[in-house]
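Single-structure report; data block below.
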Amino acid sequence: MSKSVAFWRPLYTVEVVVAAVAATLAVAPLPAARVEAWYSTSLYPYIERVLTPASNYLPFALLDLLLIATVVAVAVAVGRAVRDARRTRKVRGVVLTLAHLTAAAAALYVLFLLLWGFNYRRVRMPERLVLERAAPTSSQVIELGLTAVSQMNSLYSAAHAQQPAVPEWQDTELRTAFADVQHALSDARQVEPGRLKHSLLGPYFRWTGVDGMVNPFGLEVIANPDLLPFERPFVAAHEWGHLAGYANEAEANFIGWLTCVRALPPHQYSGWMFLYWQINGEVNAQERGRLNAALAEGPRRDITAIVARLRRGEIPALQQASWRVYDKYLKANRVESGLRSYGEVVTLLLRARFEPGWVPVRRPSPASASMR
C-alpha cells in the first residue's frame, strides 16, 4: 500500500461517517418533546448566549466571511481538479473532489442542526399554548385587521415623534419586552437579542423583498439595509424570535408582534403595522378595500412608502425563484405549510387564550410531562 493511499483512507472513512450521520439526522423522526427538553430549552440557549453576544460586537456580518470562504474554497478545489483532469486526461480527481465537497456539505448540515436547525423539530406553538377557539372566520380576521388599523391610526403621531435614539439591540424597552415574551412562552434561559447588521447580501434582499434573516452559523441578524425606521422594530423582534429558538416563521411573527405591543409607541406601531400588512395580504379585494378605507392619512403614507421601497430595485423573476427555494427549504425542515406558515400567525392570535396585556396562556410544559 502506498503512503498516499494510507494517508487518505482514514479521511475517506471519516467522510463516509459524516455523510451517514447527516443523512440519518435528516430523516430521523426525533420526538418533539425530547428536542424541546434536551436541545431547545437546554443546550441551545447556552450556544446562543455565546455566539450572539460575540457577533454583536463585530460591525460586519460573519455570514459574509462564511460565504466568501465557501465560494473561494469550492472554486479553488474544483478549479484544481479540472486542471489536473485536463493534464492527466482522467476524471478520478474530479470525482474525488466532488465527493469531498459532498462530505463537507454534510458536515455543514450537521453543524447547522447543532447550532440552530434542531429548533425546527421542537414543540410547536399550538401545542405550547392554550387554544380556546375553532379556526377563525373571515369576519374575525377582518375584525382583527380593523383593530390593527385603529391602533396604527391612534399610535401614528406618538410613534413618529418618539423615534428611539439607540439601535434596536440596545433599546432597553424593546429588550425588556422581548424578555417578557420569552418568559411567557418558556422556562428556558433567555437568549440575547441580536444586532441588525448589513451584509453583502443587501442587494439580494432588495431584489427579492427579503426583510431579514438569521445566520444559523453565527446566530446573528442580517437585515435589509432599505428598511424604513417604522419597520425595523418588528423585523428585529421577529428575528429575535428565531434567535430564541422558534424557527417556524409564524411563531417568530407571533413573538415579534407580542414583543412590539409591549414596548413604546414606535414599537407598538411597527407591530400593528405588520399585522395589518399580513392580514391585508390574505383577505379578498372587497375586504382589503374595507381595511384600506379605515386607514388615516399618516399610516396610509407609511404603507405607500413601504410599497415604494419594495418595488424599488426588485427583480420579479429572482424574487419568485427565491421564495420558491425558501418554500422548499421550509418544507425540507418539516414546516409542512412552507411559505404559508408566515400567515399562520393570524390564526394563532385569534385562537390563543390571552391574559390582560396580550400575555399568552401556556399549557403545562409538554417537555417535562413527557420525561416523567
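Each value in this text was obtained by applying a stated rule to the coordinates, not by laboratory testing. Since the model is a prediction, treat every value here as computed from it, not as a measurement. Cβ atoms come from the backbone with ideal geometry, glycine included; neighbour counts cover every protein chain shown.
Which whole-number percent of Cα pairs in region 192-238 have a distance greater than 16 Å?
That tail contains 31 percent of the Cα-Cα pairs.
What is the distance, in nm, between label points placed 7 Å from the Cα along the Cα-to-Cβ direction at E355 and at E297?
4.3
Under 10 Å, Cα contacts only: if you run a Gaussian network model on the chain, which one of L96, L295, L65 comes out with the highest mean-square fluctuation?
Its mean-square fluctuation being the largest, the pick is L96.
Using a simple charge model, +1 on the beta-carbon of Lys and Arg, -1 on the beta-carbon of Asp and Glu, nothing else, what dipole does the chain show about its Cα centre, in debye to the nearest 20?
1660
Give me the angle, in degrees from 0 to 90, between the Cα long axis of helix 62-88 and the longest principal axis of the Cα atoms of the chain, rounded to the nearest 10.
Helix 62-88 sits at roughly 30 degrees to that axis.
Can you tell which of Q190, Q163, Q151 shows the greatest fluctuation in a Gaussian network model of the chain with Cα springs below 10 Å?
Comparing Q190, Q163, Q151 in a Gaussian network model of the chain, the most mobile one is Q163.
With bins 10 Å wide starting at 0, give me the P(r) of the chain over every alpha carbon pair, in whole percents.
Bins of 10 Å from zero give 5, 20, 31, 23, 12, 6, 3, 0, 0 percent of pairs.
With each run of n ≥ 4 DSSP H residues scored as -39500 (n - 2.57), what mean residue ellipticity at 222 nm is computed for the chain after dividing by its residue count and rounding to the nearest 500 deg cm²/dmol?
The helix-only estimate for the chain comes to -20500 deg cm²/dmol at 222 nm.
Using only Cα atoms, tell me the angle between helix 316-332 and the longest principal axis of the chain; keep it within 0 to 90° and round to the nearest 10.
80
What base-10 log of the normalised intensity I(q)/I(0) is obtained for region 1-145 from the Debye formula, alpha carbons as equal point scatterers, at q = 0.12 Å⁻¹?
Values, matching the q order: -0.79.
Quick one: S139, S150, fewest Cβ neighbours within 10 Å first, how do they rank?
Ranked by crowding around the Cβ, least crowded first: S139, S150.
Determine the shape class of region 43-82: with a ≥ b ≥ c the square roots of the Cα gyration tensor eigenvalues, call it rounded for a/c under 1.5, and otherwise prolate if a/b is greater than b/c, oblate otherwise.
oblate
To make sure I understand, if each residue's beta carbon is the centre and we count other beta carbons within 10 Å, what order do M152, M125, M213 fall in, fewest to most?
M213, M125, M152
So if I place +1 on the C-beta of Lys and Arg and -1 on the C-beta of Asp and Glu, and nothing else carries charge, what would the dipole magnitude of region 84-200 be about its Cα centre? I want it in debye, nearest 20.
The dipole of region 84-200 has a size of about 1260 debye.
Would you mind ranking W277, W257 by Cβ crowding within 10 Å, fewest neighbours first?
The fewest-first ordering by Cβ neighbours comes to W277, W257.
Antiparallel as a % of all DSSP beta bridges within region 125-370, to the nearest 5?
80
Can you bin region 147-263 into rounded, prolate or oblate? Criterion: square roots of the alpha carbon gyration tensor eigenvalues sorted a ≥ b ≥ c, rounded for a/c under 1.5, prolate for a/b above b/c, oblate for the rest.
oblate
Compute the helix-to-body angle for 265-280: its Cα long axis versus the longest principal axis of the chain, expressed 0 to 90° and rounded to tens.
Compared with the principal axis, the helix lies near 80 degrees.
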